[in-house]
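Here is the structure we will look at.
Values quoted throughout were computed directly from the atomic coordinates according to the rules given, and no laboratory measurement underlies them. Because the structure is predicted, anything quoted here is derived from the model rather than measured. So basically every Cβ, Gly included, is an ideal-geometry build from the backbone, and we count neighbours across all protein chains shown.
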Amino acid sequence: MTSIINYNLKNDNGIRQVLATHDGEYYVVSHSTLMSEPETFIFKCDKNGTITDWREVGGRKYATLDEVLSDMDEYLYSPEHLAFLGQV
């Protein structure tokens, strides 16, 4: 189950970040429009929203922030994302 802790952790310069918990773990879900293709990725963090590991653990290009937040099970550690990272 996903719970939003802070929907406006960061919202400036083309990056919007949300602090959420999912199955007892903390994550920053980050949406960026800075690149030529919009992307939303998930990072492990602490309870304050400080990212503790910059390796992406989920997300997808062209996915919106709300799409990822509404279905974290689909986007977190998904085979599609791991293949995108070359980890499969």
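Numerical summary
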item: Inter-label distance, nm, simple model (7 Å from Cα along the C-beta direction), Y77/D12; result: 3.5
item: In order through segment 5-11: 3J(HN,Hα) via Karplus (6.51 cos²θ - 1.76 cosθ + 1.60), integer Hz, x for Gly, Pro; result: 9, 9, 6, 10, 4, 8, 7
item: Correct option for Rg and Dmax of the Cα atoms in Å [calculated from the coordinates] among (1) 17.4, 57; (2) 11.9, 34; (3) 15.4, 56; result: (2)
item: Environment charge of D23, counting only residues whose C-beta is closer than 15 Å and scoring Lys/Arg +1, Asp/Glu -1; result: -2
item: Per-residue Cβ neighbour rank within 10 angstrom, fewest leading, H22, H31; result: H22, H31
item: Placed amide H near A63: partners under 5 Å, 5+ positions off or other chain; result: T40
item: Simple label model, 7 Å out from Cα along Cβ direction - T52 to D23, nm; result: 1.6
item: Extension gain from S3 to K61, taking 0.36 nm per residue of separation minus the Cα-Cα distance; result: 18.6 nm
item: Residue-wise HN-Hα coupling along segment 17-24, computed from phi with Karplus coefficients 6.51, -1.76, 1.60 (Hz; x: Gly, Pro); result: 10, 10, 8, 9, 10, 8, 6, x
